[in-house]
Amino acid sequence: MVSRVVVGAHYGLRDWLIQRITAVLMVLYIFAMTGYLLMQPVLGYDVWTALFSSLVVRTFTLLFLLALFYHAWVGVRDIVMDYVNSAAIRLVIHVLVILALIIYSIWSVEILWGM
Amino acid sequence: MKFRIYRYNPDTDTAPYMQDYELEIRHDDSTQGKMLLDALLMIKQQDDSLSLRKSCREGVCGSDAMNINGRNGLACITPLHTLKEPVELRPLPGLPVIRDLIVDMTQFFKQYHSVKPYLINNEPPPETERLQSPEQRAHLNGLYECILCGCCTTSCPSFWWNPDKFVGPAGLLQAYRFVADTRDQATSERLDDLEDPYRLFRCHTIMNCVDVCPKELNPTEAIGKIKDMMVKRMV
């Protein structure tokens, strides 16, 4: 058994707190969105395009997606920390996840503003 | 009454196995006060090879913590009549077994020591004692009573998975006991030490610790209060 375990990465609180804040943001967005969509008598193409032509909806949708990506980063990192023992492989997976999330973020902007 | 007990002797057994025992215990008024430890000692009279730890036999020393019908607890304060038969007894989960119901608690105490569970105050000690107001002292209630039996920490999946890095509920309860103590001067250092993705933040608030604590303490609440203090310090 290794007698000296090195700990103290000093980012526990920040990520824990951000995960909670992003969770609240996502819940608010999901409630608002579900509420609005349930109130529509007919859910057709017109309703969807009208909804996403609004700058406010686009902005909050982007905020929701960014919150989702950060939330997912903390969760996925926690899982990788638990199940991947080699630090080198862990680092590679972390970098791949970060890259994927950055690409998703750019893609989200493109989808929301490219319509 | 039927019992199934985990047996393992590293000198003679290649693998652990469950052994059945039966005791003549009548369910009447005379057995109402009988505890599981009484039954275990009766079994030990039948079969003296059965090994277990015990000392005070009244829930103060924390020696006879074990897994009773799937739930951690102290044998000496678990009434026999509350147990479903056959009573399945196993050693505390997540720690190496030395023999039968005896586990190696080195890792548990290593984590306990890592939080510096003692008062740190560099001022010269006063003539008499370091005083606290009754209100300040009241903050320590529910924290100092821990007997270090290990029931909570060994029921925590985060500790099973990361016993070398996650302090575990018992250690974190003691960490908060000194953070909450007005006489202690090392609060920032203590918070710094726990500000880590493993040491404190592997707690995902599933509250197994609260569920099993034989002294009815609440490590989850203490962990939450440590997080509160860290947030207050940051914002």
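Values quoted throughout were computed directly from the atomic coordinates according to the rules given, and no laboratory measurement underlies them. All values reported here derive from a predicted model rather than from experimental measurement. Methodologically, a virtual Cβ is constructed for each residue, glycine included, from the backbone with ideal geometry; neighbour enumeration extends over all protein chains shown.
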*By per-residue mean of other Cβ atoms within 10 Å, what is the highest-first order of A:62-74, B:129-141, A:98-110?*
A:62-74, A:98-110, B:129-141
*Under 11 Å, Cβ to Cβ, from B:LEU50 - net charge with Lys/Arg +1 and Asp/Glu -1*: 0
*Could you work out the local net charge near B:CYS149, counting Lys and Arg as +1, Asp and Glu as -1, over the other residues with Cβ closer than 9 Å to its Cβ?*
0
*asked:* Show me, for segment B:183-195, the HN-Hα J-couplings you get by feeding each phi into the Karplus relation (A = 6.51, B = -1.76, C = 1.60, θ = phi - 60°), rounded to Hz, glycine and proline as x.
replied: 7, 8, 10, 9, 4, 5, 4, 5, 5, 4, 5, 9, 6
_Rounded tilt (10° steps) of A:12-39 against the dominant C-alpha axis of chain A_ = 20
_Mean Cβ count within 10 Å, highest first, over the residues of peptides A:46-59, B:182-195_ = B:182-195, A:46-59
*Please determine, in degrees from 0 to 90 and to the nearest 10, the orientation of helix A:87-113 with respect to the longest principal axis defined by the Cα atoms of chain A, where the helix direction is its Cα long axis.*
10
*May I ask for the angle, rounded to the nearest 10°, between helix B:219-234 and the longest principal axis of chain B, with both axes built from Cα atoms and the value confined to 0 to 90°?*
20
*Apply the Karplus parameterisation 6.51 cos²θ - 1.76 cosθ + 1.60, with θ equal to phi minus 60°, to every residue of segment A:51-67 and state each ³J(HN,Hα) to the nearest whole Hz, in sequence, with x for glycine and proline.*
4, 8, 7, 6, 5, 4, 5, 4, 4, 6, 5, 5, 4, 4, 5, 5, 4
*Sort by residue number and name the cysteines in chain B that have no neighbouring cysteine Cβ under 4.7 Å.*
B:CYS76, B:CYS146, B:CYS149, B:CYS151, B:CYS156, B:CYS203, B:CYS213
*Flagged links, alpha-carbon separation over 29 Å, of B:LYS54/B:LYS227; B:LYS84/B:LYS165; B:LYS34/B:LYS215; B:LYS110/B:LYS215*: B:LYS54/B:LYS227; B:LYS84/B:LYS165
*From the phi of every residue in segment B:72-86, what ³J(HN,Hα) in whole Hz does the Karplus formula 6.51 cos²θ - 1.76 cosθ + 1.60 yield, where θ is phi - 60° and glycine or proline is x?*
6, x, 9, 4, 6, 10, 9, x, 4, 5, 8, 9, 7, 9, x
*Take chain A, connect every pair of alpha-carbon atoms lying under 10 Å apart with a spring to form a Gaussian network, then pick out the residue of A:GLY35, A:GLY75, A:GLY44 with the largest mean-square fluctuation.*
A:GLY44
*Going by average Cβ neighbours within 10 Å, how do the peptides B:203-212, B:60-69, B:43-52 rank, with the highest at the top?*
B:60-69, B:203-212, B:43-52
*asked:* Run lengths n ≥ 4 of DSSP H only: what is the helix-derived mean residue ellipticity at 222 nm for chain B, with -39500 (n - 2.57) per run over all residues, to the nearest 500?
replied: -8500 deg cm²/dmol
*With a sphere of radius 11 Å drawn around the Cβ of B:MET229, what net charge do the other residues whose Cβ falls strictly inside it have (Lys, Arg +1; Asp, Glu -1)?*
+3
